[in-house]
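*Asks:* One structure is given below, represented as structure tokens, and several questions about it will come after.
Taken together, the values in this text are just the output of simple stated rules run on the coordinates, not laboratory data. On a predicted model such as this, the values are computed, not experimentally measured, just so you know. For neighbour counting, all protein chains shown are included, and Cβ atoms are generated from backbone atoms with ideal geometry for every residue, glycine included.
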């Protein structure tokens with residue numbers, strides 16, 4: 001035999017009223033119509049509502065719930081509420097409302113339709129919970145998350161910079177070790193030659209003719225000059241690696257500077273029968289005179305080194321669009337594509353001996369590129385193996 005269900009007791013109205021009045025959540029009851037302005041009137045609000053909003057019963061009952069809305073109340077959320085109420089369906093949303101004093105607060109709000117015995121919606125009941133503290137905590141956590149994310153990104157970027165600096169330092173350390181090796185090797189050879197020549201002079205000076213002594217002195221002088229030039233390049237290169245002060249840019253006359261360089265290098269060209277040709281016209285450029293002289297000296301010296309006996313090295317210039325293009329050309333052995341890329345990418349060119357077994361350090365061309373860029377110019381290279389090389393300096397021309 002089925003168990004008889006217990007009947008639900010009918011409670012007096014004052015019990016329901018007391019439950020509503022003493023609920024900790026806000027309870028608000030409005031008429032169902034009209035949904036548009038002037039809006040449904042509020043017919044009931046519990047004590048929690050008055051404590052939260054600061055409104056009095058006289059200011060609330062008979063008024064429109066729109067009195068609780070403000071500038072931060074989301075219009076899209078209100079439209080969702082309106083659509084649900086119009087369809088007689090319950091809805092739950094989070095919305096910003098305002099107190100009587102204008103203070104905003106967040107609500108977790110559930111609105112349900114209330115129906116009469118004929119199933120007609122006559123009222124809406126809103127059960128609202130203040131979640132302002134939760135929203136503030138969420139916002140604070142979001143700010144902290146964004147701050148932490150930004151800090152992580154900053155640290156990651158700093159780590160990338162540190163790693164790049166570490167790699168650069170490792171490269172510089174390796175480069176310095178290589179330079180020390182080059183300096184030790186080349187200077188040892190130079191001083192070995194000087195010691196040998198001077199020892200020969202000391203031991204045989206009484207037996208040597210004036211011409212032989214002059215020849216030995218010339219050889220010693222050449223070795224000393226070559227060593228001096230190498231040390232100058234090493235010093236200039238070292239200063240470049242240490243971020244030297246900005247160049248002293250000023251108008252520089254190219255012809256006198258070239259004449260000075262060619263005069264100094266005449267003793268390098270003469271033994272090989274190489275003709276040095278200065279530019280046919282004058283050019284006035286914006287440059288650091290000392291830097292420009294180091295560049296042209298290295299380029300001419302390099303051209304002599306890799307020119308065959310009886311060849312020629314010539315300097316020319318042309319003015320194009322506010323710039324002077326100063327070229328140092330030779331008809332020597334030329335350069336490979338890999339060597340050209342190394343020069344343009346400011347990478348070390350592998351040292352190679354010249355046509356008369358001249359030795360070098362392999363960084364003179366890199367120094368040239370760095371100095372030219374330091375002066376705001378550009379270095380271009382045209383070369384073909386067996387047909388010579390042209391280095392072109394592009395510098396701002398003095399109007």
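*Asks:* Which peptide among 63-75, 44-56 comes first, and what is the full order, when sorted by highest mean count of other Cβ atoms within 10 Å? Spell out each step's value before the answer.
*Replies:* On the way: 63-75: 14.2, 44-56: 17.5.
Per-residue Cβ counts within 10 Å, averaged per peptide and sorted highest first, yield 44-56, 63-75.
*Asks:* Still on this structure: Using the eigenvalues of the Cα gyration tensor, what equivalent ellipsoid semi-axes result for the range 248-399 when each is taken as the square root of five times the eigenvalue, whole Å, largest first? Don't skip to the end; give the middle numbers.
*Replies:* Values: eigenvalues 110, 63, 36 Å².
Ellipsoid half-lengths, sorted descending, are 23, 18, 13 Å.
*Asks:* Taking only the alpha carbons of the range 16-130, what extent do you get along each of the three principal axes, in Å, biggest first?
*Replies:* Principal-axis extents of the range 16-130 (Cα, largest first): 40, 35, 23 Å.
*Asks:* So how far apart, in nm, are the two label points at residue 125 and residue 69 if each is 7 Å from Cα heading toward Cβ?
*Replies:* Going from the residue 125 label point to the residue 69 one covers 2.5 nm.
*Asks:* Full-extension gain between residue 136 and residue 355, please, as 0.36 nm times their residue separation minus the C-alpha to C-alpha distance. Before the final figure, lay out each step's value.
*Replies:* Values: separation 219, 0.36 × 219 = 78.84 nm, distance 8.02 nm.
Taking residue 136 through residue 355 to full extension adds about 70.8 nm, to one decimal.
*Asks:* Starting from the 7 Å offset along Cα-to-Cβ, what nm value, one decimal, do you get for the label separation of residue 146 and residue 166?
*Replies:* 3.3 nm
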